[in-house]
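Colleague: Please read through the structure below; I'll follow up with questions.
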Amino acid sequence: MRLLCSAILRLWGWKTTNKRPIDKKAVVIAVPHTSAWDFIIGKLAFSSMGIPISILIKKEFFKFPLGPILRGLGAISVDRGNRNSTLIPQLVNEFNQREEMYLSITPEGSRSKRDKWKRGFYEIAIAADVPVYLGKIDYGKKECDLGERFVPTGNFVKDIEYIQTRYKDVTAKNPECFSWGEKFYGDK
C-alpha cells in the first residue's frame, strides 16, 4: 500500500518529507484545509509514509455501505449534534485503548474561510497528554509535511500565535479560503 500511495503522489507531482513521528500517539493538524482534495492528498501522503492516520467523521456517514469503508480508512464516528462535550473524553479513551494513534484534525473546521479556528485539537492533545504535529499540505510546492512536533503549554493564545507562524508561507488549494494570519482564538 505504501508503494502504491507513493507512486500515485509522484504521478501527480507531489512529494512528502517521508519522516515518521517520534511519538506513538499524537494529534496531527492538517493545515490549510480549503478543498476536499486535502483529504485525498493527505491520506495518500500519510499512507506513503506508513503513518496510520485516524480522522473524525460525523456519525451520519457511517450507515451502510459507507461505514465499513470509512472505518477501513481510519475514520472515527462522532456525534457532532451532541453538545454535551463527550467528544474529548471519547477521543482520550481512543488514545488510551490504542498502542499507536495519530489523529488528524483540521483546525479550520471547514473548507470555507472562517473567522476562527476551532480549538478542539488543542484541548484533545492536552487531555490525552499527546503532542501536536503541525502538518502541512502545500499546493505551491506540491509537498506534504508531517510538520514540527509541538507540545502544548496550556497557554492557548500564546501557543496558537506560535502555531500560526508555521503556516505563513504555505499555499492552500484555494488561497482565498485560508486565513492563516487572523487571530484564531476560536470555539470548540
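The values are calculated or read from the model by the stated rules, or taken from the named source; none is laboratory data. Quick caveat: nothing in here was measured; it's all calculated off a predicted structure. For neighbour counting, all protein chains shown are included, and Cβ atoms are generated from backbone atoms with ideal geometry for every residue, glycine included.
Colleague: Looking only at residues in region 134-171 that are touching a residue at least 60 places away in the same chain (Cβ under 8 Å), outside any loop (DSSP other than H, G, I, E, B) and under 20 Å from residue 6 (Cβ atoms), which one is nearest to the chain's Cα centre (by Cα)?
Modeller: 135
Colleague: Checking residue 35 against (1) over 15 Å from the mean Cα position of the chain (by Cα); (2) surrounded by 16 or more Cβ atoms within 10 Å (Cβ to Cβ), only one condition comes out false. Which one?
Modeller: Every condition holds for residue 35 apart from (1).
Colleague: From the list 42, 50, 67, which one is surrounded by 11 or more Cβ atoms within 10 Å (Cβ to Cβ) and on the phi > 0 side of the Ramachandran plot?
Modeller: Residue meeting the stated conditions: 50.
Colleague: So, of the residues in region 27-43 that are among the hydrophobic types (A, V, I, L, M, F, W, C) and in contact (Cβ under 8 Å) with a residue 60 or more places away in the chain, which turns out to be farthest from residue 138 (Cα to Cα)?
Modeller: 27
Colleague: When residue 61 is evaluated against the numbered criteria (1) under 20 Å from residue 120 (Cβ atoms); (2) touching a Ser or Thr at 6+ places or on another chain (Cβ under 6 Å), which criterion, by number, is the only one it fails?
Modeller: (2)
Colleague: Which of (1) β-branched (Val, Ile, Thr); (2) within 16 Å of the chain's Cα centre (by Cα); (3) not in a helix (DSSP H, G or I) is the odd one out, the single condition residue 88 does not satisfy?
Modeller: Tallying (1) β-branched (Val, Ile, Thr); (2) within 16 Å of the chain's Cα centre (by Cα); (3) not in a helix (DSSP H, G or I), residue 88 fails exactly one: (3).
Colleague: Run down 114, 119, 149 and say which single residue is at pLDDT 90 or above and of a type in the set (Lys, Arg).
Modeller: Just a single option satisfies the conditions, and that option is 149.
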